[in-house]
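Single-structure report; data block below.
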Amino acid sequence: MAGLTRRNFVGASGALAATSLTGLASVAQAEALELKRLPLPPPIGRPERVARIARTQALMQRNNIAAVLVESGPSLDYFTGIQWWRSERLTGVVIPASGQPIIVTPFFEKPSIAEQLGIDAEIRTWNEDQEPLKLVADFLAENRASRGRIGMEESNRFFLVDRLRSQMPLAQMVSANPAVRAVRMHKTAAELSLMQAASDITIAAFRHAWPRVREGMTKDDIDAIIG
């Protein structure tokens, strides 16, 4: 395992974006002698994501779900490595019950999406005068899923369900939880190692900050100690 540096900390902890990663990494570095350079496990890579998709597809088949649509958000990152913001323009992954997923994204975003993509998947793009949900419907038709049960990841916005339903009136839109949530709630050894490392770094930050906290300090003062 590599020693703690800002670069490998950020690479290993993408799922912890809500935390002050740079600040915590700096604290751990400053306390290196005391903490003997906290080791970090490797980041989530392609084999782990491929295994996630395989487990999800097995559950989809068991629950009669023909395909799953996941838009930008934590689950998109979980399956593909793509960290993307939500907007009115769809970027997401379509996972069929068997076979290779596809990524759907605006044409001008393709280079950025390809750079982040951590699995083997075709990237299908749409232009501003096109309906992105038609790309999804066309792919599902290719996979003989036009009349099947299409799973929606639980945080998908309603307009995706509504517009896909208009493209596929004979399909049934259902919750993807029996496949997606069922996989995500069971942590692998790789995930547990990263979670433990994040916990260790957080505790190191607290150990560094607590003796330096004084009465009257503001939140910004304490942030400065950590960061």
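What the table shows:
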quantity	calculated
Flag for ILE201 being of a type in the set (A, V, I, L, M), at pLDDT below 95, under 30 Å from ARG52 (Cα atoms) and in contact with a helix residue (DSSP H, G or I) (Cβ under 9 Å, 6 or more places away or on another chain)	yes
Filtered residues of the stretch 71-98 (kept if farther than 16 Å from SER175 by Cα, modelled with pLDDT of 95 or more and small (Gly, Ala, Ser))	SER72, GLY73, GLY81, GLY92, SER98
Every residue from the stretch 183-227 that is closer than 19 Å to SER75 by Cα, in contact with a Ser or Thr (Cβ under 8 Å, 6 or more places away or on another chain) and aliphatic (A, V, I, L, M)	VAL183, LEU194
Those helices (runs of 4 or more DSSP H) lying entirely in the stretch 19-70 with at least 2 residues open to solvent by less than 20 Å² (accessible area, probe 1.4 Å), under 17 Å from GLY99 (Cβ atoms) and at pLDDT 75 or above	46-62
Selection from the stretch 71-94 of residues that are of a type in the set (S, T, N, Q), assigned to a helix (DSSP H, G or I) and farther than 21 Å from LEU164 by Cα	THR80
Test for GLU109: is it modelled with pLDDT of 95 or more and either open to solvent by 70 Å² or more (accessible area, probe 1.4 Å) or more than 21 Å from SER75 (Cα to Cα) (or both)	no
Residues of the stretch 81-100 satisfying the condition of being open to solvent by less than 10 Å² (accessible area, probe 1.4 Å) and in contact with a helix residue (DSSP H, G or I) (Cβ under 7 Å, 6 or more places away or on another chain)	ILE82, LEU90, THR91, GLY92, VAL93, VAL94, ILE95
ARG149 being among the basic types (Lys, Arg), in contact with a Pro (Cβ under 9 Å, 6 or more places away or on another chain), modelled with pLDDT of 95 or more and open to solvent by 40 Å² or more (accessible area, probe 1.4 Å)	no
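The values are calculated or read from the model by the stated rules, or taken from the named source; none is laboratory data. These numbers were taken from a predicted model, which means no experiment stands behind them. Note that each Cβ is placed from the backbone with ideal geometry, even for glycine, and that neighbours are counted across all protein chains shown. Accessible surface areas use protein heavy atoms only, side chains included; no ligands, DNA or RNA. Shrake-Rupley method; radii C 1.70, N 1.55, O 1.52, S 1.80 Å.
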